[in-house]
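Asks: Structure provided below as structure tokens; questions to follow.
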Amino acid sequence: MFLLLISSSLTLLAQEDVYNTLTNPEVENSELYRDGNAYQRDFLLFADMLENTHPIFAETGRRHYDMDSLTRAGYQYLVGCESDDQLKQYLQSILSPLNDGHSSVMMDFDGKLYPFKYFADGDTAFYMIGISKDFSAELGHRVTAINGRPPREVIESFRPLMSCDNENFFMDNVNNYMQLKAAWDYN
């Protein structure tokens, strides 16, 4: 049993190295890669990986992106990139329109939360179902605005941060993103 456990652990470690290392000599030998900053180089590898591994690009006749245009635009955008979080948010904004639940860049969790949750009753009625103790009197009340904006507008603004298969997945999980301070900072 112990030998099996060690063998499984070593196998997982070996797989981890494969998944944590993304290289492509063709991309890495390009002039763009050599001249780019760290974020631009990571983006070039990401774009290559997306085009060559994501199932949606393998389907003939169905392209969500012109990869040449996407690569040029992303490379230019990331000239001014100043943090890993900014890069992650940009990459996620590219993945979100693919509408799949498996391609996602996870934001770092820094422990800073906004402790509130809502319940959606249809598309326009939202009710407070979770909030910090200081505001417990608000539980069950209808949410009419968030930061002065209609609730649905604010909720939709989190869509670029998420990879969702469908509307139900989005509505079930957007609450989790809306609790992260990092998500609000980006929004």
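The values are calculated or read from the model by the stated rules, or taken from the named source; none is laboratory data. Keep in mind it's a predicted model, so treat the numbers as computed, not measured. Because the Cβ atoms are built from the backbone with ideal geometry, glycine has one as well, and the counts that use them run over all protein chains shown. Side chains are part of the model used for accessible areas, which takes the heavy atoms of the whole protein and leaves out ligands, DNA and RNA. Shrake-Rupley method; radii C 1.70, N 1.55, O 1.52, S 1.80 Å.
Asks: For the modelled label position 7 Å from the Cα of Phe135 along Cα-to-Cβ, which residues of region 96-119 have backbone nitrogen atoms closer than 20 Å?
Replies: The answer is 110-119, whose backbone nitrogens lie closer than 20 Å to the label point.
Asks: Ignoring ligands, DNA and RNA, please state the percent of accessible area on region 38-187 from carbon and sulfur, probe 1.4 Å. Walk me through the numbers on the way to the answer.
Replies: Details: 4350 of 8600 Å².
That fraction is 51 percent.
Asks: Could you order Tyr114, Tyr127, Tyr39 by accessible surface area, starting with the largest, using a probe radius of 1.4 Å? Don't skip to the end; give the middle numbers.
Replies: Numbers: Tyr114 90, Tyr127 65, Tyr39 45 Å².
Order by accessible area, largest first: Tyr114, Tyr127, Tyr39.
Asks: Further question: So, counting K/R as plus one and D/E as minus one, what does the shell of residues with Cβ under 12 Å around Ala145 add up to?
Replies: It works out to a net charge of +2.
Asks: If we count every other residue with Cβ under 14 angstrom of Leu87's Cβ, Lys/Arg +1 and Asp/Glu -1, where does the sum land? Please list the in-between numbers first.
Replies: On the way: positive: Arg41, Lys88; negative: Asp42, Glu82, Asp84, Asp85, Asp108.
Residues near Leu87 contribute -3 overall.
Asks: I would also like to ask the following. About its Cα centre, how strong a charge dipole does region 43-153 have in debye, to the nearest 20, once Lys and Arg get +1 and Asp and Glu get -1 at the Cβ? Could the numbers behind the result be given before it?
Replies: Numbers: 10 positive and 16 negative charges, 75 e Å.
Magnitude of the dipole: close to 360 debye.
Asks: Then there's this: For every other residue with a beta carbon closer than 11 angstrom to the beta carbon of Asp165, add +1 if it is Lys or Arg and -1 if Asp or Glu, then tell me the sum.
Replies: Numbers: positive: none; negative: Asp100, Glu167, Asp172.
Once positives and negatives cancel, what remains is -3.
Asks: In sequence order, what are the phi-derived ³J(HN,Hα) couplings for region 72-83 according to the Karplus relation 6.51 cos²θ - 1.76 cosθ + 1.60 with θ = phi - 60°, rounded to whole Hz, with x for glycine and proline?
Replies: Going residue by residue, I get 4, 5, x, 4, 5, 4, 7, 4, x, 5, 10, 7 Hz, with x marking Gly and Pro.
Asks: Might you tell me the accessible area per residue for region 55-187, computed with a 1.4 Å probe and given in Å²?
Replies: 59
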